[in-house]
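Working notes, structure below.
Derivation of every value follows stated rules applied to the coordinates shown; laboratory data play no part. Everything quoted here is computed from the prediction, not taken from an experiment. Every residue, glycine as well, gets a Cβ built from its backbone with ideal geometry; the counts of neighbours run over all protein chains shown.
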Amino acid sequence: MNLPEEVAELDWRSPLPAGFRWPAGKRAAACFSFDVDAESPILFEHPEAAGWLDTMSHQAYGPRTGVPRLLRLLDRRGIRATFFVPGYTAERWPAVVRAIRDAGHEIAHHGYLHEGGHSAPDLATEEVRLLRGLEALDQVAGVRPIGYRGPMWELTYRTPALLVKHGFRYDSGLMDADHPYRLAVSADEGAPSLVELSAHWSLDDWEPYAYLPGITGSGVIASPAEVVARWELELDAMVEEGALFMLTNHPFVSGRASRVVALETLIQRAQAIPGLWVATAEEICTWVETLDLRPVVHRPHEPPFSTPVANSPQS
């Protein structure tokens with residue numbers, strides 16, 4: 001069997017990938033990120049909801065109420081965060097996006113109308129959406145983001161090359177690692193790469209909290225105490241592994257009062273851990289770019305779908 005080289009040379013003895021280290025005095029990193037989706041994901045998946053005031057108000061809670069509350073929290077704790085903003089959110093809520101910028105936080109790209117990469121039928125469509133989001137963020141806030149997170153975490157195999165083409169330096173959303181790594185855009189020798197800051201569904205607030213009848217969620221909404229307890233377990237374990245704790249929150253979800261109180265306890269816990277670097281995605285990317293890391297190549301699968309399955313022998 002022809003195994004990719006990075007698998008054939010696997011070294012399992014150390015939790016740290018070959019060549020990887022954190023800045024002097026740091027043993028792990030934590031990034032608190034926020035996806036300012038607002039109305040965009042509902043409008044993309046359910047365009048008929050544009051006329052449903054109840055549903056739109058549920059999503060508007062994020063920019064109208066959640067973002068200001070979260071900005072106050074981050075200001076109290078003295079940390080900078082990364083906000084992934086769809087272009088449509090910037091156009092709909094320009095003052096909110098400018099407030100995030102003016103509070104000193106990083107603004108990154110999160111699609112235009114929260115369109116997942118799997119929904120793009122071709123490269124041209126994917127590129128148009130990417131550029132439309134860039135244009136909106138530039139016009140509203142005068143920012144040119146260096147980071148990207150695929151809506152619903154969705155990337156195609158063509159996405160990394162598209163990001164490099166338009167000047168992005170990192171992606172955050174693949175789920176195959178606990179440490180940042182270099183993501184090659186193709187298997188070609190000397191192909192360009194960008195930094196990958198991995199995330200995971202278990203560190204996303206949508207699953208335990210979000211509920212809209214007939215649209216998302218089961219109706220079973222978790223207690224903030226339970227959710228933060230889960231995240232604290234993961235935080236402690238990731239620190240022991242010398243890894244990156246990438247938390248993803250949505251202002252319309254985690255911007256509600258009791259959830260912000262719980263989130264603050266998690267941030268306080270992180271800040272109290274010796275050697276834990278609390279940083280923005282941009283800061284972590286900039287550090288990783290200084291390391292001599294062998295790029296990871298993601299090769300498309302060629303499953304043997306056409307291979308006939310032999311019948312089991314009769315007993």
Value of D in µm² per second that Stokes-Einstein yields for the chain, Kirkwood Rh from Cα pairs, at 20 °C (1.002 mPa s): 104
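Let me spell out the model: positive unit charges on the Cβ of Lys and Arg, negative unit charges on the Cβ of Asp and Glu, origin at the Cα centre of the chain. What dipole size does that give, in debye rounded to 20?
Roughly 1020 debye, rounded to the nearest 20.
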Quick check on the exposure proxy: order 110, 298 from fewest to most C-beta atoms within 10 angstrom. 298, 110
Cβ under 13 Å from residue 102's Cβ, residue 102 left aside: what net charge do those residues give with Lys, Arg +1 and Asp, Glu -1? +1
Sequence of 93, 153, 12, 52 once ranked by neighbouring C-beta atoms within 10 Å, starting from the fewest: 12, 52, 153, 93
At 7 Å along Cα-to-Cβ for each site, give me the label-to-label distance between residue 127 and residue 102 in nm. 3.7
Computed from the beta carbon distance with a Förster radius of 41 Å, FRET efficiency for residue 301 and residue 21 to the nearest 0.05 stands at 0.80
Estimated translational D of the range 1-116 in µm²/s (Stokes, Kirkwood radius over Cα pairs; 25 °C; 0.890 mPa s): 144
Given R₀ = 22 Å, FRET efficiency for residue 156-residue 135 by Cβ-Cβ distance, to 0.05? 0.55
Calculated from DSSP helices alone, with each H run of at least 4 adding -39500 (n - 2.57) and the total divided by the residues of the chain, [θ]222 nm to the nearest 500 comes to -10500 deg cm²/dmol
Of all DSSP beta bridges in the chain, antiparallel share, percent nearest 5: 20
What FRET efficiency do you get for residue 177 and residue 269 if R0 is 25 Å and r is their Cβ-Cβ distance, rounded to the nearest 0.05? 0.60
At 0.36 nm per residue, and after removing the present C-alpha to C-alpha distance, how many nm does the segment from residue 52 to residue 119 gain when stretched out fully? 21.7 nm
The extension gain from residue 10 to residue 188, computed as 0.36 nm times the residue separation minus the Cα-Cα distance, is 62.0 nm
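Determine the gain in length on full extension of the stretch residue 220-residue 61; use 0.36 nm per residue of separation and subtract their C-alpha separation, reporting nm with one decimal.
Working: separation 159, 0.36 × 159 = 57.24 nm, distance 1.98 nm.
Stretched out fully, the residue 220 to residue 61 stretch lengthens by 55.3 nm.
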When 198, 223 are arranged by how many other beta-carbons sit within 10 Å of their Cβ, fewest first, they go 223, 198
In nm, give the distance between the simple-model label positions of residue 232 and residue 211, each being 7 Å from the Cα along the Cα-to-Cβ direction. 2.4
Mean separation of Cα pairs under 8 Å and 6+ residues apart, divided by the residue count of the range 25-288: what relative contact order is that in percent? 29
Distance (nanometres) between label positions extended 7 Å along Cα→Cβ at residue 201 and residue 294: 3.1
